[in-house]
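For reference, the structure is listed below as structure tokens.
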Amino acid sequence: MADSIEEVKKAKKLYMFIGLLLFFFTVITVMVASVEWLDFGGHGFDGVDATIGLIIAAFKASLVMFIFMHLNHERPLIYFLYGLGLVMAFFCIWLIGWSKSDPIQYGNSNRADGFYNPDKPATNVHGHD
């Protein structure tokens, strides 16, 4: 806690600065999702824009945790747990992206895949007519 008026004023300036940064990055996140000249992926909102938005959100969450929740003065174990959470979150996002690259698709042209697609029925799935 702040013990003097000067420390309170310094902390107030820091909190105002962090608050303005959070507002600024919120505006940037909205712009990435909606402004055409900040569209980094394909046309419209796509995975690249979502990834950039999540990176900005992680940065903002880190600011809140370290400044407003005072985690910048904690023990190393707290930093380890925070880093572990970030690694696990990254792994979960990577796992979702990896699942999207599955080569087995609905209605695959491969005759032996056996997936049901009414528009394109599989013929001779098991090798007999």
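Please give the contour-minus-distance gain from residue 30 to residue 46: 0.36 nm per residue of separation, less the Cα-Cα distance, rounded to one decimal in nm.
Details: separation 16, 0.36 × 16 = 5.76 nm, distance 1.36 nm.
Length gained, residue 30 through residue 46: 4.4 nm.
Calculate, for residue 7 and residue 55, the FRET efficiency according to 1/(1 + (r/R0)^6) with r their C-beta to C-beta distance and R0 30 Å; round to the nearest 0.05. Please report the intermediate quantities before stating the final value.
On the way: r = 33 Å, r/R0 = 1.10.
Here the calculated transfer efficiency is 0.35.
Given +1 on the Cβ of Lys and Arg, -1 on the Cβ of Asp and Glu, and no further charges, what dipole in debye does the range 1-69 carry about its Cα centre, rounded to the nearest 20?
In total the dipole reaches around 360 debye.
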### Task
Add +1 for every Lys or Arg and -1 for every Asp or Glu among the other residues with Cβ under 14 Å from the Cβ of residue 45, and state the total.
-4
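None of the figures in this text is laboratory data; all of them are computed from the coordinates on show. It should be emphasised that the depicted structure is a prediction, and the values quoted were computed from it without experimental measurement. Please note: Cβ atoms are built from the backbone with ideal geometry, for glycine as well, and neighbour counts cover all protein chains shown.
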